[in-house]
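Asks: The structure follows.
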Amino acid sequence: MNVSGFIVNEDLWQSLRHCQQESIQTALSYLKKPLNENANSCLISLPTGAGKSGVISIVSHKATQKRVLVLCHRRAVCDQLFKEIDGKFFSDRVEGEVIKRKAVYSDVNDTSKTGIYVSTFQKLQTFDIAQLERLKQDIDLIIIDEGHAEPSPVWSTLVRGIDAHKVVITATPYRNDLYQFDVTEDASYIFTFERALADGVLKEPTFESITLAELSGKITDFLEANDGTKCIIKCEKFEDIKSYYNLLNDDFSVLAIHERFTKDERDNVKVSVPANLKGSDYQVIIHQRKLDEGVDIPEAKLLVLAYAVNSGRELVQTIGRVVRLYGDIEPKILEIENDANSQMWQNYRNFDRSLDSADSVKRFIASLDSNKLIERYIEAFPDVSYYGNRFVSKFNLNTFEPERSLNIPTASICFLNQSQGFSIQLLSDHLYWRCNNAGELARVFSTKSGIHGVISIAFNKSRFLTDQFFFEPSLEITLYKQLSNNVVAIYDSRGRRFNGEKDLKLGSAVSLDKLLKVMSLGESASTREASSKSISSARKRPESIAVKGRNLEQMADMQANASYRLATMRCDTYDQFKKKRGSYYVGADSGRISDQKESSFTLGDLNDWLTDIDNVISANINIKNALVHSYAKPISVDENFEAHSLIFDLTEFESPISIFIAGEQYTLDNSFLYLIYDNGTLLVDGVEESKILVNFKQEEPYLEIAPETEITYLLEDGEQQDITDFLNEHLHKALLANGINYSNCKFYQLTLPVADSFELGASNLANVVIGLESLVGANLDEKGYQNGAHQVVEGGFSSDSIFYLVDQLKANGLANPTKSELGPFAPYIPDADLLINTDMGTEPADFIVSSKNKLAFVHVKCGSAINPRSSAGALAEVGSQAIKNIEMLISGDTELKPSNWNRLHTAWPAPESAQNIAERIRVFKGATFTAQNEQERLEKLNELWDTVAMRRRSTAVQKEIWIIAANSFSAAHFEQQLKLGSEANGETLQAFQLLNSWLATVHDNDIELKVFVSP
């Protein structure tokens, strides 16, 4: 008989259900139309059990197209469908009838022959570009069996540029699945579950929530009341399958199916579905996902759901097993101690009923055209509106002029390296299709300045709603431009990262040393914020650190920073007058430079900005910055690598991540995941199937993580996806052999700051180690100790002592002191108004000196070397004394006084000494002091200490520790030796480590350190 112009065997046609006949008529009518822009795709929607295999079998054989490709998502469905198309469907329906059929092939590597090719999307994902292009040239018709699966990513690649008709057959016609198929209203047929019930094709299930204790009795009651039926139990985990097996095996003929039964010798446990399951004697079949697709068991009418199924899509698929006709038996679903599945099923049924009329289907198909959906939204706006302080016209995507109307709020641009084969046109094409497939209305544009872009209108589902939808429209912009040295600049309004995307031919982010050249956009620069990530083991320190400050260069802990790589930073640039000129954020991982000072860029402004940045990052500029150079730098290595451990950073997620291995569900905690690597490592402890491997490559990204078997992951409100890309994107670092580590596509090796030539003047020690001519001399002594006694000259310290040099600060009590009278330390504490000698006993310092905005504890030591070098020993004793007295310098306790307090109102060095200095208070309140009696001296001492206590509590007063080391340590020798790097004198390197450890301690307490030494 004639069906839409095609001859179909009459007996075969009469054996079909009405919904199958209408589906075939719709598809064949579509296939008669020539390919043009109006042909688009054909949509056939049939619920599970309505006979889509028969529709595919007839349409693929009757189509006049010579080479037909039938695609499925899963191998089990593919294998079953192949048998149906290859003759089983026809022999079952009209046994003995001669039906003209095409040849059917399961191998799609060669599609040059006339016939039907049945395969999976997974197979096509293994094809390279050349194979896909060859397939496009060969195929005349594609039939997609979507079933209940998500649309495959390979579809957009396959459909682009293919000259073939397309028929999409699905069991769940969800809007977001069908956008990319470009379905037309006159080539679609939707047969709802509601109509299937009305036509007697399927049966509505009833739900009942029961306790586990009731289960055996409920199964018995159902099987006895419905002779010849079977029960299916769907479990969440393998352990659940074993538990239900043990619960029911004594009472029923049970079959349990799971991959992990591999070595189990029991007859009624299997690793896969037996071929003769249909019609077998098994009463209860327990599985996880083995029966969801590709298995037909019409006598299965009782379904037990042991858990709340993960998604509505999976639930519809599962229930589809038991709603098919089997006599007059009504299907039943038992839920164990919950009713979540019943509620999800009702949501599906509400959606299904919304399509149960010709008008509603027409509206639904129209809504699949995102252009119409968005255009209707825009049309509701008036042509002109008054907004803010001016009139603005209604947006029109087709007439929009980006160069005139586009405004970019912030220049936040990612700079990426091109990969081989990159082209702007290819990038535009890929980005356009991504928008199109996401249901967005998109347009590609280019400008004379070389900036290209995609502008799109997206309708996003509100994240605040669970069982209802509300679309939130947004205008999205992606801009990109090729710069010099094979660099691409990309602005994306959604903040997406494109580095390493093979489809886009984009490589890694531009190296950090190039990005940091923005610091040269001024006469000077200072860093205000920085974050870093550990490159080596971090058992006793953080994995990442973020710091903020007015000028981080003055706080750089080079010793600690050597174990971290710089991840992000924000710097300010200044002109020659120290006026702020610019502010930039730099992100190493993303290759991002963001202008933090300027805003509201036109395309012309943005192009000028990109030109400036391009000139800077491609220039031969060496940034000399203490903070930047204190962090670890990437290294070039040429050896065989060996991984020791992997660390993944999952802290960005609000909840644990679900992963699925061999049908089992596990979770990864949303924190740092530490894994020991030894020829592989397990994502889940004790689960061999969770093994992942490290592969090293000769090109970026150099190191890749790959699971040994298929592992998928599921994020909240998402769908299951392969975990490979997820693991690589969230690899925090890999610790390798020989102290080499891998992070952010770079190799690092922990090296100290002095491993290479070290410039003291450009480091954080530049203003710490200070050489003074007055601190070297043959007769120089710490306190003027000669002939067995401390020498007192004219009521003061010996002029050959360091104490004398410090004591010169008391000249601030004179009316007009000269530079010579004030001594060598006056430039470091101008206008000192307080000086007290606190030497002897358990002292807080040798001297305490202060001005209104500075408080310094002074510690003095004098050696005997006429030509001092730079050994750690020269500083160790005096420095240790200084560090251990930090509390006295910063304490907020007003009652805290030095341990030698009772000495401070007595003469120095002691009252009984033949020579002594009566007044330890050398100057106070800008005047010298001489007590008339002991009572006055004690009162003045208490008043002075109250001033010290007040100033140490004040945040407006800068705290400093002074270490004075004469005749023992040379600043010039220290600097010269550090230039030799690792070849420097060992004692000098020890001194460097010692100074850095002190610096870290004092900076942690917001104290400045000054070490005065010989020149």
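Asks: Have a look at Lys861, Lys810 and point out the one that is in contact with a Ser or Thr (Cβ under 8 Å, 6 or more places away or on another chain) and assigned to a strand (DSSP E or B). Outline the logic, then answer.
Replies: Values: Lys810 fails: assigned to a strand (DSSP E or B).
From the options Lys861, Lys810, the qualifying one is Lys861.
Asks: Here are some conditions: (1) more than 44 Å from the chain's Cα centre (by Cα); (2) surrounded by fewer than 20 Cβ atoms within 10 Å (Cβ to Cβ); (3) in a helix (DSSP H, G or I). Val948 meets all but one. Which one does it not meet?
Replies: With (1) more than 44 Å from the chain's Cα centre (by Cα); (2) surrounded by fewer than 20 Cβ atoms within 10 Å (Cβ to Cβ); (3) in a helix (DSSP H, G or I) applied to Val948, the lone miss is (2).
Asks: OK, next. Which of the residues spanning region 823-847 are farther than 30 Å from Ala914 by Cβ and either aliphatic (A, V, I, L, M) or buried (at least 23 other Cβ atoms within 10 Å of the Cβ) (or both)?
Replies: First pass over region 823-847, keeping only residues farther than 30 Å from Ala914 by Cβ: 826-833.
If the condition is that a residue be farther than 30 Å from Ala914 by Cβ and either aliphatic (A, V, I, L, M) or buried (at least 23 other Cβ atoms within 10 Å of the Cβ) (or both), then Ala826, Ile829, Ala832 are the ones that fit.
Asks: Here's a follow-up. Out of Ser636, Ser630, which single residue is farther than 30 Å from Ile723 by Cβ, in contact with a Pro (Cβ under 8 Å, 6 or more places away or on another chain) and among the hydroxyl-bearing types (Ser, Thr, Tyr)?
Replies: Numbers: Ser636 fails: in contact with a Pro (Cβ under 8 Å, 6 or more places away or on another chain).
The conditions single out Ser630.
Asks: With the requirement that a residue be over 15 Å from Phe641 (Cβ atoms), of a type in the set (Ser, Thr, Tyr) and outside any strand (DSSP E or B), what does region 699-722 give you?
Replies: Thr709
Asks: Which of the following residues is at pLDDT 90 or above, outside any helix (DSSP H, G or I) and not charged (D, E, K, R): Ala632, Ala619? I'd like the intermediate steps shown before the answer.
Replies: Working: Ala632 fails: at pLDDT 90 or above.
From the options Ala632, Ala619, the qualifying one is Ala619.
Asks: Output the residues belonging to region 758-773 that are assigned to a loop (DSSP other than H, G, I, E, B) and not aliphatic (A, V, I, L, M).
Replies: Residues of region 758-773 assigned to a loop (DSSP other than H, G, I, E, B): 758-759, 763-768, 772.
The answer is Phe758, Glu759, Ser763, Asn764, Asn767.
Asks: Also, I was wondering about something else. What number of residues within region 865-881 satisfy the criterion of being over 18 Å from Gly771 (Cβ atoms) and either surrounded by 24 or more Cβ atoms within 10 Å (Cβ to Cβ) or hydroxyl-bearing (Ser, Thr, Tyr) (or both)?
Replies: 1
Asks: Within region 84-114, can you find the residues that are small (Gly, Ala, Ser), at pLDDT 90 or above and either in a loop (DSSP other than H, G, I, E, B) or under 49 Å from the mean Cα position of the chain (by Cα) (or both)? Give the derivation first.
Replies: To start, the set of residues in region 84-114 that are small (Gly, Ala, Ser) comprises 87, 91, 96, 103, 106, 112.
Adding the requirement that they be at pLDDT 90 or above leaves 87, 91, 103, 106, 112.
Correct list: Ala103, Ser106, Ser112.
Asks: Residues Leu28, Leu81, Leu35, Leu16: which one is touching a Phe, Trp or Tyr at 6+ places or on another chain (Cβ under 9 Å) and either assigned to a helix (DSSP H, G or I) or not polar (S, T, N, Q) (or both)?
Replies: Leu28
Asks: Also, I was wondering about something else. Can you say whether Thr172 is under 46 Å from the mean Cα position of the chain (by Cα), touching a residue at least 12 places away in the same chain (Cβ under 8 Å) and assigned to a loop (DSSP other than H, G, I, E, B), as far as the supplied structure shows?
Replies: Considered against the rule, which asks whether it is under 46 Å from the mean Cα position of the chain (by Cα), touching a residue at least 12 places away in the same chain (Cβ under 8 Å) and assigned to a loop (DSSP other than H, G, I, E, B), Thr172 comes out as yes.
Asks: Hey, does region 252-265 have a residue that's buried (at least 16 other Cβ atoms within 10 Å of the Cβ), without any contact (Cβ under 8 Å) to a residue 12 or more places away in the chain and within 23 Å of Tyr666 (Cβ to Cβ)?
Replies: yes
Asks: Could you check region 232-261 and list, in sequence order, the residues that are outside any loop (DSSP other than H, G, I, E, B) and of a type in the set (Lys, Arg)? Explain how you work it out, then say what you get.
Replies: Let us first name the residues in region 232-261 that are outside any loop (DSSP other than H, G, I, E, B), namely 232-234, 238-248, 254-257, 259-261.
Lys234, Lys242, Arg260, listed by residue number.
Asks: May I pose another question? Which of the residues belonging to region 713-735 are touching a Ser or Thr at 6+ places or on another chain (Cβ under 9 Å) and buried (at least 16 other Cβ atoms within 10 Å of the Cβ)?
Replies: Selection gives Tyr713, Leu714, Gln720, Ile723, Leu731, His732, Lys733, Ala734, Leu735.
Asks: Now for a different question. Which residue is modelled with the highest pLDDT, if the candidates are limited to region 262-296 and must be closer than 26 Å to Gln343 by Cβ and assigned to a loop (DSSP other than H, G, I, E, B)?
Replies: Gln288
Asks: Considering region 920-935 alone, what residues qualify as being assigned to a loop (DSSP other than H, G, I, E, B) and either under 60 Å from the mean Cα position of the chain (by Cα) or surrounded by fewer than 19 Cβ atoms within 10 Å (Cβ to Cβ) (or both)?
Replies: Within region 920-935, the first condition is being assigned to a loop (DSSP other than H, G, I, E, B), and the residues that meet it are 920, 925-926, 928-933.
Passing the criteria: Lys925, Gly926, Thr928, Thr930, Ala931, Gln932, Asn933.
Asks: Could you look through region 42-73, keep only residues that are assigned to a loop (DSSP other than H, G, I, E, B) and hydroxyl-bearing (Ser, Thr, Tyr), and pick out the one that is nearest to Met1 (Cα to Cα)?
Replies: The first filter runs over region 42-73 and keeps only residues assigned to a loop (DSSP other than H, G, I, E, B), leaving 46-51, 63-66, 73.
Then keep just the ones that are hydroxyl-bearing (Ser, Thr, Tyr); that gives 48, 64.
Numbers: Thr48: 28, Thr64: 16 Å.
Among residues in region 42-73 that are assigned to a loop (DSSP other than H, G, I, E, B) and hydroxyl-bearing (Ser, Thr, Tyr), the one nearest to Met1 (Cα to Cα) is Thr64.
Asks: Here's a follow-up. Can you list residue pairs whose Cβ atoms sit under 7 Å apart, with the first residue in region 882-898 being in contact (Cβ under 8 Å) with a residue 12 or more places away in the chain and the second being crowded, with 18+ Cβ neighbours inside 10 Å and acidic (Asp, Glu)? Count only pairs 6 or more apart in sequence or on different chains.
Replies: From residues that are in contact (Cβ under 8 Å) with a residue 12 or more places away in the chain, the pairs are Pro898/Glu843.
Asks: Of the numbered conditions (1) in contact with a strand residue (DSSP E or B) (Cβ under 7 Å, 6 or more places away or on another chain); (2) crowded, with 16+ Cβ neighbours inside 10 Å; (3) assigned to a loop (DSSP other than H, G, I, E, B), Tyr432 fails exactly one; give the number of that condition.
Replies: (3)
Asks: Between a first residue in region 901-916 that is within 16 Å of Phe803 (Cβ to Cβ) and in the same structural domain as Thr842 (by TED's automatic domain parsing) and a second residue that is part of a loop (DSSP other than H, G, I, E, B) and hydroxyl-bearing (Ser, Thr, Tyr), which pairs have beta carbons less than 8 Å apart while being 6 or more apart in sequence or on different chains?
Replies: Partner pairs satisfying both residue conditions: Leu904/Thr838; Ala907/Ser913.
Asks: Still on this structure, I have one more. Could you give me the residue pairs with C-beta distances under 6 Å whose first residue belongs to region 384-395 and is more than 17 Å from Leu406 (Cα to Cα) and outside the structural domain of Leu406 (by TED's automatic domain parsing), whose second residue is exposed (fewer than 11 other Cβ atoms within 10 Å of the Cβ) and of a type outside the set (Lys, Arg) wherever it lies, and which are 6+ apart or on separate chains?
Replies: Val384/Phe391
Asks: Now, a different point. Among residues belonging to region 969-1015 that are assigned to a helix (DSSP H, G or I) and charged (D, E, K, R), point out the one that is surrounded by the most Cβ atoms within 10 Å (Cβ to Cβ). Spell out the reasoning first.
Replies: Our first condition is that a residue be assigned to a helix (DSSP H, G or I); within region 969-1015, this holds for 971-978, 981-983, 986-1004.
Now drop any that are not charged (D, E, K, R), which leaves 975, 983, 987, 1004.
On the way: Glu975: 19, Glu983: 10, Glu987: 15, Asp1004: 11.
Within region 969-1015, the match that is surrounded by the most Cβ atoms within 10 Å (Cβ to Cβ) is Glu975.
Asks: Name the residue, out of Phe90, Phe127, that is farther than 17 Å from Val167 by Cα, crowded, with 20+ Cβ neighbours inside 10 Å and among the aromatic types (Phe, Trp, Tyr).
Replies: Working: Phe127 fails: crowded, with 20+ Cβ neighbours inside 10 Å.
Only one candidate qualifies: Phe90.
Asks: Confirm whether Ala778 is touching a residue at least 12 places away in the same chain (Cβ under 8 Å), loosely packed, with under 15 Cβ neighbours inside 10 Å, at negative phi and not acidic (Asp, Glu).
Replies: On the way: touching a residue at least 12 places away in the same chain (Cβ under 8 Å): yes; loosely packed, with under 15 Cβ neighbours inside 10 Å: yes; at negative phi: yes; not acidic (Asp, Glu): yes.
Spelling it out, Ala778 is indeed touching a residue at least 12 places away in the same chain (Cβ under 8 Å), loosely packed, with under 15 Cβ neighbours inside 10 Å, at negative phi and not acidic (Asp, Glu).
Asks: Restricting to strands (runs of 3 or more DSSP E) lying wholly in region 438-539: which have 3 or more residues that are surrounded by 22 or more Cβ atoms within 10 Å (Cβ to Cβ)? Give the derivation first.
Replies: Details: elements: 441-446, 452-461, 471-482, 487-492, 506-509, 524-534.
Per the criteria, 452-461, 471-482, 487-492, 506-509, 524-534.
Asks: Now for a different question. Within region 1-41, can you find the residues that are among the β-branched types (Val, Ile, Thr) and surrounded by 12 or more Cβ atoms within 10 Å (Cβ to Cβ)?
Replies: Going through region 1-41, the residues among the β-branched types (Val, Ile, Thr) turn out to be 3, 7-8, 24, 26.
The answer is Val3, Val8, Ile24, Thr26.
Asks: Failed condition for Ala76, given (1) closer than 21 Å to Ile297 by Cβ; (2) in a helix (DSSP H, G or I); (3) modelled with pLDDT of 85 or more, with all others met?
Replies: The single condition Ala76 does not satisfy is (3).
Asks: Quick one: which residue in Ile866, Ile883 is at pLDDT below 95, outside any helix (DSSP H, G or I) and of a type outside the set (Ser, Thr, Tyr)? Outline the logic, then answer.
Replies: Working: Ile883 fails: outside any helix (DSSP H, G or I).
One residue alone meets the criteria, Ile866.
The values are calculated or read from the model by the stated rules, or taken from the named source; none is laboratory data. Every value quoted in this text rests on a predicted model; they were computed, and no experiment measured them. Note that we place each Cβ from the backbone using ideal geometry, even for glycine, and neighbour counts take in every protein chain shown.
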